[in-house]
Each structure stands twice: as C-alpha cells, then as structure tokens.
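Engineer: I'd like to ask some things about the structure below.
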Amino acid sequence: MKKDIQTVIFDFGGVLIDWNPAYVYRQVFDDEKEMDYFFENICTFEWNAMQDAGRPLVEATEWLVKRHPEYESHIRTYYDRWQEMLGGPIHGTVDLLGTVYTQNKHRLYGLTNWSHETFPVALELYDFLHRFEGIVVSGTEKVKKPDQKIYDILLERYDIKPETAFFIDDSHNNVLAAQALGINAVQFHSPEQLKEALQEWEIL
C-alpha cells in the first residue's frame, strides 16, 4: 500500500515535552500516598483538563479552594509553580521532529491540550515548537481532544486532508478520535517506537 502522507501532526505534552505535577508535589508532600490522594481527589486530572478547555487558572484555583480550604496552599501551588512541572524536552522525539523538519517533505502541525495561559511559557522555553506551520491549542479554542471539534478546527484551518495526515499522541482515546475522522494515527509510547512507526509510514 502506498503511504501518501503529506502532513505530520504532533501532540506536545507526553510526546515532545515531559510534564508531570509530581515533580513539584514530591517536594510538597513527605508521603507518596498522600500525594497520590491529592491528585486523585483534589487537583485531579479532570480538574486540570477544564483549564485545557479554556477555564481561566484563577477561576479554577478559587473554585477548588472553596471546596477544599484545608488544601488551599497545596492547590495554589499548582499554578504558582506550574513551570517546575515541566521536565524538559523528550529528546528522542524532538530529534525525530527535527529530522522530519529538515527533510522538508511534510507539513508540520501541532495539536495540543494545553491551557492558553501557560502555553506561551512553553513557546518561550522550547525553540522546537517554532518548527510547526501552525498549532491548535485547546485552551484557545475552548475545546479539547478527544472532542471531534478540535480535530475539525485543525483540518479546516490548515486545509488538511485526513487521509494524507499522520497524527501522534500519547493518549489512546485521542488516537481513536483522530482515526474516527479518517486521520492516520499512532499512540506514542517511546521515541524508539515512534521512529519505527514513522519509517513504516514512509515519513522517515
């Protein structure tokens, strides 16, 4: 089968950039179990995802503080020290991005679930993010993956044909959503696995 891929689309967090709140909260909590409880019941994945969908950080913080006043200082730490949650580039993937970029054979775009308030920090920190022709940020659009709308925004804004696009994301649900729209997609597990996938799809 001929693989006519013209566009490569990267997710950012967990694919190109290492991000983990535990980098901060291991310094806040003495006990790992207490930290796990905090993430499971207070600053949850679902709570953070609302900011990725456009909720302002101040609003999110005050909303949570009112519900858990006993954790006020811990909650405020989340965005006060957000930049410390960035572990830096995932170098193997960044190298692969660099190869695709220098080959100059494919259009490059980003599709990321990220707060519109914190994303400019990443743009300033990581030069490789400027290799993309365009980036769709969920917080700006007020809709996040795996909602079909954000994929449609990317496809329509940049005139991308799904069947000629290849999407990389570390979330299985986000990959399934892309595939449902006819986008070729692979779940990211490691730079080594991604390199094999890019070679298989004749992108490298």
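The values are calculated or read from the model by the stated rules, or taken from the named source; none is laboratory data. In this text the structure is predicted, and so the values were computed from the model without any measurement. Note that we place each Cβ from the backbone using ideal geometry, even for glycine, and neighbour counts take in every protein chain shown.
Engineer: Within region 1-52, take every residue that is among the hydroxyl-bearing types (S, T, Y) and within 22 Å of the chain's Cα centre (by Cα) and give me the one that is nearest to N113 (Cα to Cα).
Structural biologist: So, considering only residues that are among the hydroxyl-bearing types (S, T, Y) and within 22 Å of the chain's Cα centre (by Cα), the one nearest to N113 (Cα to Cα) is T44.
Engineer: Can you name every residue in region 181-199 that is in contact (Cβ under 8 Å) with a residue 60 or more places away in the chain and not in a loop (DSSP other than H, G, I, E, B)?
Structural biologist: Listed by number, the residues that qualify are N184, P191, E192, L194, K195, L198.
Engineer: Please verify whether region 168-180 includes one or more residues that are buried (at least 20 other Cβ atoms within 10 Å of the Cβ), assigned to a strand (DSSP E or B) and touching a Phe, Trp or Tyr at 6+ places or on another chain (Cβ under 6 Å).
Structural biologist: Yes, there is a match, as at least one residue in region 168-180 is buried (at least 20 other Cβ atoms within 10 Å of the Cβ), assigned to a strand (DSSP E or B) and touching a Phe, Trp or Tyr at 6+ places or on another chain (Cβ under 6 Å).
Engineer: Looking at Q51, Q83, can you tell me which residue is in contact with a Ser or Thr (Cβ under 7 Å, 6 or more places away or on another chain) and of a type in the set (S, T, N, Q)?
Structural biologist: So the residue among Q51, Q83 that is in contact with a Ser or Thr (Cβ under 7 Å, 6 or more places away or on another chain) and of a type in the set (S, T, N, Q) is Q51.
Engineer: Surrounded by fewer than 19 Cβ atoms within 10 Å (Cβ to Cβ), out of contact with any Pro (no Cβ under 8 Å at 6 or more places or on another chain), touching a residue at least 24 places away in the same chain (Cβ under 8 Å) and within 24 Å of I203 (Cα to Cα): is that true of E133 in this structure?
Structural biologist: Yes, satisfied.
Engineer: I'm told R81 meets every condition in (1) over 18 Å from the mean Cα position of the chain (by Cα); (2) over 27 Å from K142 (Cα atoms); (3) surrounded by fewer than 17 Cβ atoms within 10 Å (Cβ to Cβ) except one. Can you identify the failing condition by its number?
Structural biologist: Failing condition for R81: (2).
Engineer: Of these, F128, F119, F38, which one is among the aromatic types (F, W, Y) and not assigned by TED's automatic domain parsing to the domain that holds N174?
Structural biologist: Result of the check over F128, F119, F38: F38.
Engineer: Right, something else. The conditions are (1) at pLDDT 95 or above; (2) under 30 Å from D4 (Cα atoms); (3) not small (G, A, S), and H74 fails exactly one of them. Which is it?
Structural biologist: The single condition H74 does not satisfy is (2).
Engineer: Next up: Go through L64, L111 for me and flag whichever is aliphatic (A, V, I, L, M) and over 30 Å from W201 (Cα atoms).
Structural biologist: Of L64, L111, the one residue that is aliphatic (A, V, I, L, M) and over 30 Å from W201 (Cα atoms) is L64.
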